[in-house]
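Worksheet for the structure shown next.
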Amino acid sequence: MPALGKHRGMTDAPPLLIVWHSCTGGSEALARAAAEGAGNAAQLVAAGDVAPDHLHAAAGYLFVGPENLAALSGAMKEMFDRCYYPCLGKLEGRPYATIICAGSDGENAQRQLDRIATGWRLKRVADPVIVNTAAQTPEAILAPKAIAEAHLAEARDLGAALAEGLAGGIF
Ligand SMILES: Cc1cc2nc3c(=O)[nH]c(=O)nc-3n(C[C@H](O)[C@H](O)[C@H](O)COP(=O)(O)O)c2cc1C
């Protein structure tokens, strides 16, 4: 399994960069599942460790994170804030997909991410995935998340499809 947050040499970077952030483990499990599906084609890097070079070196992206306070989580947003201008104009046309882990909604984080991706002129190549963990009380929200196997399988399939699409040059 690829190491979380590992910064590989940029010259041999795998084509698919999976950027993830997670507070209670749900998004992390989904990101790991997607990486498993993509195999050697994926590099899994925590949002806080992502540098513009990671984004430049990859051919496509999967962004995985929670919706917090009707927005992208702070760490995911911070990654975009830090990398947006260094990458602007350099990623145009590259494919991307998303998985949002939410307690009840997820749509606002989804929209926010899509707006940023539109600024970079990325191309969405898979339908948005929102995984609802039904965490709505403070206790449930703060508890570690166990993601149902069906959602992990969906994430694995998405990782595999992105890897295949990148390898086959179909995006
Ligand atoms: C501070 C905070 C704010 C949250 N706000 C929302 C929200 O606006 N909409 C929503 O659907 N879920 C919200 N949630 C619930 C999380 O999205 C949910 O627990 C999700 O499964 C967390 O994913 P993670 O385990 O990857 O951190 C919030 C959680 C926290 C901690």
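Only the coordinates and a few stated rules stand behind these numbers; no lab work does. Given the structure is predicted, the values throughout are model-derived calculations rather than measurements. Cβ placement follows ideal geometry from the backbone for every residue including glycine, while neighbour counts extend to all protein chains displayed.
Considering only the stretch 13-34, state which residues are under 20 Å from H151 (Cβ atoms) and in contact with a helix residue (DSSP H, G or I) (Cβ under 6 Å, 6 or more places away or on another chain).
Here is the first cut: in the stretch 13-34, the ones under 20 Å from H151 (Cβ atoms) are 16, 18-34.
Listed by number, the residues that qualify are L16, I18, V19, W20, H21, S22, L30, A33, A34.
Can you tell me which residues in the stretch 67-93 are assigned to a helix (DSSP H, G or I) and basic (K, R)?
The first filter runs over the stretch 67-93 and keeps only residues assigned to a helix (DSSP H, G or I), leaving 74-87.
Correct list: K77, R82.
If the condition is being within 20 Å of A75 (Cα to Cα) and in a strand (DSSP E or B), then the stretch 99-131 contributes I99, I100, C101, A102, V129, I130, V131. If the condition is being in contact with a strand residue (DSSP E or B) (Cβ under 6 Å, 6 or more places away or on another chain) and assigned to a helix (DSSP H, G or I), then the stretch 132-153 contributes only H151. Condition check: assigned to a helix (DSSP H, G or I), more than 16 Å from the ligand (Cβ to nearest atom) and out of contact with any Pro (no Cβ under 7 Å at 6 or more places or on another chain). Does Y96 satisfy that? No; evaluated as a whole, the condition is false for this residue.
Only one entry of V125, V50, V45 meets the criterion of being more than 19 Å from L162 (Cα to Cα), crowded, with 16+ Cβ neighbours inside 10 Å and aliphatic (A, V, I, L, M), and that entry is V50. Among the candidates D81, D49, the residue that is away from the ligand (no atom under 16 Å from the Cβ), of a type in the set (D, E, K, R), within 25 Å of R156 (Cα to Cα) and free of Cβ contacts under 8 Å to residues at least 60 places away in the same chain is uniquely D49.
Rundown of residues vs (1) touching a residue at least 12 places away in the same chain (Cβ under 8 Å); (2) over 16 Å from A35 (Cα atoms); (3) not acidic (D, E), yes/no style:
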| residue | (1), (2), (3) |
| --- | --- |
| Q112 | yes, yes, yes |
| T118 | no, yes, yes |
| K123 | yes, yes, yes |
| T133 | yes, yes, yes |
| P138 | no, yes, yes |
| E149 | no, no, no |
| L152 | yes, no, yes |
| G159 | yes, no, yes |
| A167 | yes, no, yes |
